[in-house]
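A quick write-up on the structure given underneath.
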Amino acid sequence: MDLKINASFLPHSSPDESLEFFRDVLGFEVRNDVGYEGMRWITVGPASQPDTNIVLHPPAATPGLTEDERRMLLELMAKGTYFGVNLATTDVDGTFDTLQGRGAEVIQEPMDQPYGVRDCAFRDPAGNELRIQQAG
């Protein structure tokens, strides 16, 4: 069996703010931008990984979601506890400096973790945590 990761999904609270962050701050390619019934799905990814995508999606698009559930999701997103993604780089300190210089919201400065990696963390405009690890 040969399985690969094709796409991961992160919710957005503002498609324009998320697009700007992933394209202009992280430097990801925009691979698709689709609107439907007032909602937008934006697919982004690093140029060096054309087969790996992050789909930025409206959380309200989940079928069968009640108004209470929608409100709860938005509250969790605002707190930064709903979704996240781990990224990797060969230079976590340099990547941290670049992203901080581009205005990304810092959650954690680079540090050596007790489980053997050096990482840092940022928050995207929707509150999603982006943890960036030093690739070994």
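The values are calculated or read from the model by the stated rules, or taken from the named source; none is laboratory data. Only a predicted model underlies this, so the values are computations on that prediction, with no experimental measurement involved. Please note: Cβ atoms are built from the backbone with ideal geometry, for glycine as well, and neighbour counts cover all protein chains shown. To get the accessible areas, we keep the full protein, side chains included, count just its heavy atoms, and leave off ligands, DNA and RNA. Shrake-Rupley method; radii C 1.70, N 1.55, O 1.52, S 1.80 Å.
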Answer residue from segment 71-85, given it is assigned to a helix (DSSP H, G or I) and open to solvent by less than 60 Å² (accessible area, probe 1.4 Å) and is farthest from TYR36 (Cα to Cα) among those: LEU76
Condition test on ALA61, is it touching a strand residue (DSSP E or B) at 6+ places or on another chain (Cβ under 6 Å) and surrounded by fewer than 17 Cβ atoms within 10 Å (Cβ to Cβ)? yes
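Name the residue that is nearest to SER8 (Cα to Cα), counting only residues in segment 105-125 that are open to solvent by less than 10 Å² (accessible area, probe 1.4 Å) and touching a helix residue (DSSP H, G or I) at 6+ places or on another chain (Cβ under 9 Å). Break it down stepwise before answering.
Start the filter on segment 105-125 by keeping residues that are open to solvent by less than 10 Å² (accessible area, probe 1.4 Å), which leaves 119-122, 124.
Then keep just the ones that are touching a helix residue (DSSP H, G or I) at 6+ places or on another chain (Cβ under 9 Å); that gives 119-120, 122, 124.
On the way: ASP119: 20, CYS120: 20, PHE122: 18, ASP124: 15 Å.
Only one residue fits best here, namely ASP124.
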For the subset of segment 1-14 comprising residues that are out of contact with any helix residue (DSSP H, G or I) (no Cβ under 7 Å at 6 or more places or on another chain) and under 18 Å from ALA104 (Cβ atoms), which member is most open to solvent (accessible area, probe 1.4 Å)? SER14
If we keep just the residues of segment 21-57 that are free of Cβ contacts under 8 Å to residues at least 60 places away in the same chain and of a type in the set (D, E, K, R), which is most open to solvent (accessible area, probe 1.4 Å)? GLU37
